[in-house]
Amino acid sequence: MRAFYLEYGVAMRSGAGAFKLDLPKVPADETNDLTPAMRQLVRSLWDQLQQLEARIQAVAREIEAIAYRSDVAPRLATVLGIGTLSATAILAAVGDGRQSCASDVAAAADRIIADHSTLSNIPIDSAWTMRAECARLRPNE
């Protein structure tokens, strides 16, 4: 999108946050070289982005509500790097742990942790600790 704007002589700052801040300003600026059709397209895309982000927030709230109805998810969420979304993903993968052995729970945690992009800052030893904690947090049978 940034490159597309450059074709019309409109430079935008890099970064997702700056892009989201600048995006609605571009079609409103009548001094740039965007055509009227392009202005309308950009406005439409901006509206779609806002609707999508609102839907994502609504689904995240639903998942958090599900997590707090569980007795296991809040305990999982106490582990470093696991929030309510990851806790519900672990629960979806292995259930409440009663029907899974500790290695199944740990393997599911490894998959979820590997797929979760926000955990890239966690040192590898913390990830292993998290794996062990997931296995330890199995409910008592």
Tally time: how many residues in the stretch 43-83 are under 29 Å from Phe19 (Cα atoms) and either exposed (fewer than 15 other Cβ atoms within 10 Å of the Cβ) or out of contact with any Pro (no Cβ under 6 Å at 6 or more places or on another chain) (or both)? 23
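Only one residue in Leu34, Leu49, Leu45, Leu41 is out of contact with any helix residue (DSSP H, G or I) (no Cβ under 6 Å at 6 or more places or on another chain), of a type in the set (A, V, I, L, M, F, W, C) and not in a helix (DSSP H, G or I), so which one is that? Full working, then the answer.
On the way: Leu49 fails: not in a helix (DSSP H, G or I); Leu45 fails: not in a helix (DSSP H, G or I); Leu41 fails: not in a helix (DSSP H, G or I).
Leu34 is the lone residue from the list that is out of contact with any helix residue (DSSP H, G or I) (no Cβ under 6 Å at 6 or more places or on another chain), of a type in the set (A, V, I, L, M, F, W, C) and not in a helix (DSSP H, G or I).
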Answer yes or no: is there a residue in the stretch 11-28 that is loosely packed, with under 11 Cβ neighbours inside 10 Å, more than 27 Å from the chain's Cα centre (by Cα) and touching a residue at least 12 places away in the same chain (Cβ under 8 Å). no
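Looking only at the stretch 29-42, how many residues end up being more than 27 Å from the chain's Cα centre (by Cα) and surrounded by 14 or more Cβ atoms within 10 Å (Cβ to Cβ)?
Keep residues of the stretch 29-42 that are more than 27 Å from the chain's Cα centre (by Cα), which gives 29-40.
Now drop any that are not surrounded by 14 or more Cβ atoms within 10 Å (Cβ to Cβ), which leaves 32, 34, 38-39.
Residues that pass the stated criteria total 4.
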Conditions (1) outside any helix (DSSP H, G or I); (2) within 25 Å of Leu91 (Cα to Cα); (3) of a type in the set (Ser, Thr, Tyr): number failed by Ser14: (2)
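None of the figures in this text is laboratory data; all of them are computed from the coordinates on show. Since this is a predicted model, take the numbers as computed values, not measurements. Here the Cβ is made from the backbone with ideal geometry for all residues, glycine too, and neighbour counts use every protein chain on show.
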